[in-house]
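> Before we start, here is the structure in question, set down as structure tokens.
The values are calculated or read from the model by the stated rules, or taken from the named source; none is laboratory data. Keep in mind that what you see is a predicted model, and the values were worked out from it rather than measured. Cβ placement follows ideal geometry from the backbone for every residue including glycine, while neighbour counts extend to all protein chains displayed.
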Amino acid sequence: MTTEGGTGTRAARHAGGLYRRTFAWIAKPFRKVEAEAHHLREVEETGESGETPYIAILGVFLFVFPIFVVLLGLALIAYYAAS
């Protein structure tokens, strides 16, 4: 016989609140970075700043660089595996 306000329900709510607070604390720096990225994207789209070309170049670099690193890593792994 489980009732709506039983011990298990209260424990689950308490744990859920703890997880929510913990993950909110962990995610806070990421949300700040995400907000800054959205702001830079808006500045880039409107072209309202003299730094717009640099923002666009940085965006391209941040897109291409991880791909380059992964491909370089795979090439080095293949090279050492073949040796």
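> Against the conditions (1) at pLDDT below 80; (2) under 20 Å from the mean Cα position of the chain (by Cα); (3) small (Gly, Ala, Ser), where does Ala56 fall short? Just the number, please.
Of (1) at pLDDT below 80; (2) under 20 Å from the mean Cα position of the chain (by Cα); (3) small (Gly, Ala, Ser), only one is false for Ala56: (1).
> Write out, first by first residue and then by second, each pair whose Cβ atoms fall under 7 Å of each other, whose residues are 6+ apart or on separate chains, and whose first residue, in region 53-72, is not assigned by TED's automatic domain parsing to the domain that holds Arg41 while the second is assigned to a helix (DSSP H, G or I).
Pairs that qualify, where the first residue is not assigned by TED's automatic domain parsing to the domain that holds Arg41 and the partner is assigned to a helix (DSSP H, G or I), are Ile55/Leu40; Ile55/Val43; Ile55/Glu44; Ala56/Glu44.
> For Tyr80, only one of the following conditions fails: (1) loosely packed, with under 10 Cβ neighbours inside 10 Å; (2) touching a Lys or Arg at 6+ places or on another chain (Cβ under 9 Å). What is its number?
Of the numbered conditions (1) loosely packed, with under 10 Cβ neighbours inside 10 Å; (2) touching a Lys or Arg at 6+ places or on another chain (Cβ under 9 Å), the odd one out for Tyr80 is (2).
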